[in-house]
Amino acid sequence: MTKHFNFTECAWKHHVCTRHLGEISDMKRLLLSATLIAAGILGLANNAQAATKSSSPYLSDTTQYVRLKKTMDVGFYQKSGKQYKKLLKKKGSLLAVSGVNRNEVNGQYVPTAGLTSGAIHYSRAKNLKYMTMDNLHPVLVPFTKANFTPVKLKAPDRTLLFQSGTGFKLTPKKDDLVTTPAFYLTLDNYLQYYSASDLAKVAPSGLYQSVGGLNVWKPTASVKVSKVTVKGRTTTIDYAKPLKGMPNKKISRGHYRLTVVHNPTKHHKTFFPDGYTQEATWTTYKVNGKSYYVGQSIEVKDYVDD
């Protein structure tokens, strides 16, 4: 049987298919254009935000440490006899940022910083007072790039409170978390060690992960550090005299060392001591082969009695 083709019908079908393909192509072009326009707008917005951030005269609220660009009054007072006298901080001084707030300065609300000397040796810290941290009448220091340069600590283990052991634990009576001996490396190169009984007076149950400028704790023992080096997850601390309570390693006469190796694996545990809930998180370290941990325990909620 001979097949007869209806060329008119085929042409119409071909015309329809071609038209539909054209419409689909147009739709794709429109979608592509819309996508490119949206991406362009988003890119412009991101660039605008980045430009605004970089052009802002103020430092980021997340800045933790700064150095002064000039000698200036930042609200520090130093004890002299029975009184406190204003202490001007010199250009290049390292300061810790305790927080950033918005306050009115010369008729405008601007970011101002709460500043301290950070975790420094007890003999210095006990004689300082910080008026940017005063609740009633704080000294307002604008947190500007003209005043400060942001700084990242070269040794990130500084100020961390190293507690002896492998992690948080309950006391035998299960009424609290155990307070262990601990130590930390100050910003001005001292090792400060605390016995369990001395730490319990200031930071019971591992309340602190790191030490700040307002934590003025008298150590059980301390020693001046001569050198701190960092390589990867290992921090090496050298000093001249053995520190009581610490796993000191003697290198030579008048030379001792701590080698601190961090295991970044995070640990978490919930404790229920004596009617309340504690959420504890920590990571572990080896200090000359001995176990230490750094973390904190936070009270979450109280039980509700029936």
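The values are calculated or read from the model by the stated rules, or taken from the named source; none is laboratory data. Note that the structure is a prediction, hence the values are computed from the model and not measured. Positions of Cβ are backbone-derived with ideal geometry, glycine not excepted, and every protein chain shown enters the neighbour counts.
So that you can scan it fast, the table gives a plain yes or no per residue for (1) touching a strand residue (DSSP E or B) at 6+ places or on another chain (Cβ under 9 Å); (2) touching a residue at least 40 places away in the same chain (Cβ under 8 Å):
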{"position": "M131", "(1), (2)": "yes, yes"}
{"position": "A146", "(1), (2)": "no, yes"}
{"position": "L153", "(1), (2)": "yes, yes"}
{"position": "D157", "(1), (2)": "yes, yes"}
{"position": "F168", "(1), (2)": "yes, yes"}
{"position": "P181", "(1), (2)": "yes, yes"}
{"position": "L185", "(1), (2)": "yes, yes"}
{"position": "D188", "(1), (2)": "yes, yes"}
{"position": "L199", "(1), (2)": "yes, no"}
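Only residues that are small (G, A, S), in contact (Cβ under 8 Å) with a residue 60 or more places away in the chain and in a loop (DSSP other than H, G, I, E, B): list them for the range 201-213, please.
G212, G213
Restricting to the range 155-193, count the residues that are under 22 Å from the mean Cα position of the chain (by Cα), of a type in the set (A, V, I, L, M) and assigned to a loop (DSSP other than H, G, I, E, B).
3
Could you list, in sequence order, all residues of the range 214-238 that are over 23 Å from the mean Cα position of the chain (by Cα) and assigned to a loop (DSSP other than H, G, I, E, B)?
Taking the range 214-238 and keeping what is over 23 Å from the mean Cα position of the chain (by Cα), we get 218-227, 238.
Of everything in the range 214-238, those that are over 23 Å from the mean Cα position of the chain (by Cα) and assigned to a loop (DSSP other than H, G, I, E, B) turn out to be K218, P219, T220.
Looking at (1) surrounded by 18 or more Cβ atoms within 10 Å (Cβ to Cβ); (2) part of a strand (DSSP E or B), which one does T132 not meet, given that it meets all the others?
(2)
Please find, within the range 135-154, the residue that is modelled with the lowest pLDDT out of those that are in a loop (DSSP other than H, G, I, E, B) and not hydrophobic (A, V, I, L, M, F, W, C).
H137
Regarding T284, is this residue touching an Asp or Glu at 6+ places or on another chain (Cβ under 9 Å), among the β-branched types (V, I, T) and assigned by TED's automatic domain parsing to the domain that holds G295? Let's see the steps before the verdict.
On the way: touching an Asp or Glu at 6+ places or on another chain (Cβ under 9 Å): no; among the β-branched types (V, I, T): yes; assigned by TED's automatic domain parsing to the domain that holds G295: yes.
In short, no.
On the given criteria, is S252 among the small types (G, A, S) and closer than 21 Å to T179 by Cα?
no
Residues that are part of a loop (DSSP other than H, G, I, E, B), within 22 Å of V211 (Cβ to Cβ), out of contact with any Pro (no Cβ under 6 Å at 6 or more places or on another chain) and hydrophobic (A, V, I, L, M, F, W, C): does the range 88-111 have at least one?
Looking only at the range 88-111, we keep the residues that are part of a loop (DSSP other than H, G, I, E, B), and these are 88, 90-93, 106-107.
Checking the rest, the ones that are also within 22 Å of V211 (Cβ to Cβ) come to 93.
Adding the requirement that they be out of contact with any Pro (no Cβ under 6 Å at 6 or more places or on another chain) leaves 93.
From the residues that got through so far, the ones that are hydrophobic (A, V, I, L, M, F, W, C) too are none.
The answer is no, given that none of the residues of the range 88-111 is part of a loop (DSSP other than H, G, I, E, B), within 22 Å of V211 (Cβ to Cβ), out of contact with any Pro (no Cβ under 6 Å at 6 or more places or on another chain) and hydrophobic (A, V, I, L, M, F, W, C).
Looking only at the range 57-87, count how many residues are surrounded by fewer than 11 Cβ atoms within 10 Å (Cβ to Cβ), assigned to a loop (DSSP other than H, G, I, E, B) and either of a type in the set (S, T, Y) or not assigned by TED's automatic domain parsing to the domain that holds H137 (or both).
Final tally of qualifying residues: 1.
For the range 137-149, does any single residue satisfy the condition of being surrounded by 14 or more Cβ atoms within 10 Å (Cβ to Cβ), out of contact with any Lys or Arg (no Cβ under 9 Å at 6 or more places or on another chain), aromatic (F, W, Y) and more than 21 Å from L87 (Cβ to Cβ)?
No: zero hits.
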